[in-house]
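Student: Input: one structure, supplied below.
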Amino acid sequence: MKYFLLIVACLGLMGCSSFKKDTSVIYLIGDSTMAEKTPEKRPETGWGEKLPLFFEASVKIDNRAKNGRSSKSFLYEGRWDEVIKVLKKGDFVFIQFGHNDSSKKKGERYSTPQEFADNLTRYVQDSRNLGAYPVLLTPVMRRRFDDSGKFHDTHGIYPDITRNIAKELNVPLIDMHLESQQVIEAAGVEDSKDIFLWIEKGENSNYPEGVSDNTHFSEKGATIMAGIVVEKIKALNLTITKNLRKP
């Protein structure tokens, strides 16, 4: 009996060890469109919050994205250093900036185009130096239609910089800028409001006067964006594809 219990204990330890070894971590670094939200911000939702819905328990999503951060401020606040401390071989780093880097009026956020390219390069190289796999994502679109219903981009050159760095450094790219534009345009001027944080006055206690936010996502919008990311993970045939939940 004693030997039987010992064998069972050993098998249990082996199972735990195997699970730990097989568990991958996807670190998300970026801005408010990706970040987890505090209760007083709900129903605002970052798409990174919905990503775990698509993965089995063999993958952990560690969402380090933060509201208002740019590729510059994320570095200088030491947030990237905290990721580096725990980043290990085989992990993934999903890198999505550009929303706040163009904010010239906010010096703590603003990155010149060259600084933005340098910052993305650093994230990629640091990740690779630790044996992790970087993935670059262009920023998601804001909801911007003119009076005639024509859609407009607000990100300037920054999405193209991300695309160029991905090409130069041979990094997998998920072009959320393009993909989110297609979703928003297909929904149209009115229905696209459901993707974003549009709330009528008196509908939600967090926003008693209502809100018309064309940058941040509703829960529905965040789920849609996370679904796009997952489809592109499949298209890129990243190794974490095998860890996606079966339909």
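The values are calculated or read from the model by the stated rules, or taken from the named source; none is laboratory data. Treat the numbers as computed from the prediction; the structure is a model and nothing was measured. Here the Cβ positions follow ideal geometry from the backbone for every residue, glycine too, while neighbour counts run over all protein chains shown.
Student: Return the residue satisfying two criteria in turn: it lies in region 188-247 and is hydroxyl-bearing (Ser, Thr, Tyr), in a loop (DSSP other than H, G, I, E, B) and free of Cβ contacts under 8 Å to residues at least 12 places away in the same chain, and of such residues it is farthest from residue 135 (Cα to Cα).
Tutor: The selected residue is 205.
Student: Further, regarding this structure: What about residue 181, is it over 18 Å from the mean Cα position of the chain (by Cα) and at pLDDT 95 or above? Spell out how you get there, then give the answer.
Tutor: Details: over 18 Å from the mean Cα position of the chain (by Cα): no; at pLDDT 95 or above: yes.
The answer is no for residue 181.
Student: Exactly one of these conditions fails for residue 192: (1) among the polar types (S, T, N, Q); (2) surrounded by fewer than 14 Cβ atoms within 10 Å (Cβ to Cβ); (3) more than 20 Å from the chain's Cα centre (by Cα); (4) more than 27 Å from residue 85 (Cα to Cα). Give me its number.
Tutor: (2)
Student: Cβ-Cβ under 6 Å, sequence separation 6+ or interchain: first residue in region 96-110 and modelled with pLDDT of 95 or more and charged (D, E, K, R), partner assigned to a loop (DSSP other than H, G, I, E, B) and surrounded by 24 or more Cβ atoms within 10 Å (Cβ to Cβ). Which pairs?
Tutor: Partner pairs satisfying both residue conditions: 101/70; 101/111; 109/70; 109/100.
Student: Is it the case, given these coordinates, that residue 85 is modelled with pLDDT of 95 or more, in contact with a strand residue (DSSP E or B) (Cβ under 8 Å, 6 or more places away or on another chain), surrounded by fewer than 18 Cβ atoms within 10 Å (Cβ to Cβ) and not in a loop (DSSP other than H, G, I, E, B)? Steps first, please.
Tutor: Working: modelled with pLDDT of 95 or more: yes; in contact with a strand residue (DSSP E or B) (Cβ under 8 Å, 6 or more places away or on another chain): no; surrounded by fewer than 18 Cβ atoms within 10 Å (Cβ to Cβ): yes; not in a loop (DSSP other than H, G, I, E, B): yes.
Judged against the criteria, residue 85 is not a match.
Student: Considering region 217-247 alone, what residues qualify as being crowded, with 20+ Cβ neighbours inside 10 Å and out of contact with any strand residue (DSSP E or B) (no Cβ under 9 Å at 6 or more places or on another chain)?
Tutor: 226, the sole residue that qualifies.
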